[in-house]
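Peer 1: The structure follows.
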Amino acid sequence: MIRVTFHFYNILADTAGIRTLEKEFGGITHLIDAVQLLSSEYPSAFKAMLLADGSISNYLKIFLNGQLIQENDFQIPLANGDVILLFPAVSGG
């Protein structure tokens, strides 16, 4: 089992009603799988964050252990103690 901490920010946190969440995963879990699982648990919060094919939209910026994750890195396997920050795009002016 691995334990991962997620931090939700901006409208994502407001819509999900949560700012921090710890999840346990059994076996190998990739970053994309974890985000897709969160989207199924908090569908209204993630509705603009994932595309119809399940891929992550440009509206969601993800940091894994302080490093900005690029699209080609979404298949990174998670490790025990990882911290994932989820930042949705914010508009305004």
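The values are calculated or read from the model by the stated rules, or taken from the named source; none is laboratory data. Treat the numbers as computed from the prediction; the structure is a model and nothing was measured. Neighbour counts run over all protein chains shown; Cβ positions are idealised from the backbone, glycine included.
Peer 1: Of everything in region 35-49, what is in contact (Cβ under 8 Å) with a residue 12 or more places away in the chain, under 15 Å from I11 (Cβ atoms) and out of contact with any strand residue (DSSP E or B) (no Cβ under 6 Å at 6 or more places or on another chain)? Give them in sequence order.
Peer 2: L38, Y42, S44, A45, F46, A48 - these are the residues of region 35-49 that are in contact (Cβ under 8 Å) with a residue 12 or more places away in the chain, under 15 Å from I11 (Cβ atoms) and out of contact with any strand residue (DSSP E or B) (no Cβ under 6 Å at 6 or more places or on another chain).
Peer 1: Follow-up question, since we're still on this one. Across region 37-64, which residue is farthest from F74 (Cα to Cα) among those that are polar (S, T, N, Q) and surrounded by fewer than 16 Cβ atoms within 10 Å (Cβ to Cβ)?
Peer 2: S44
Peer 1: Moving on to the next point. Looking at (1) modelled with pLDDT under 90; (2) of a type outside the set (G, A, S); (3) in contact with a strand residue (DSSP E or B) (Cβ under 7 Å, 6 or more places away or on another chain), can you tell me which one D53 breaks?
Peer 2: Exception for D53: condition (3).
Peer 1: Please name all residue pairs, on different chains or six or more residues apart, with Cβ atoms under 7 Å, provided the first residue is in region 57-81 and is more than 19 Å from F25 (Cα to Cα) and the second residue is of a type in the set (G, A, S) and in a loop (DSSP other than H, G, I, E, B).
Peer 2: As it stands, the answer is S57/A48; Y59/A48; Y59/A89, since those pairs meet every condition given.
Peer 1: Check K61 against each of (1) under 17 Å from P88 (Cβ atoms); (2) of a type in the set (D, E, K, R); (3) more than 13 Å from the chain's Cα centre (by Cα) and name the one condition it does not meet.
Peer 2: Tallying (1) under 17 Å from P88 (Cβ atoms); (2) of a type in the set (D, E, K, R); (3) more than 13 Å from the chain's Cα centre (by Cα), K61 fails exactly one: (3).
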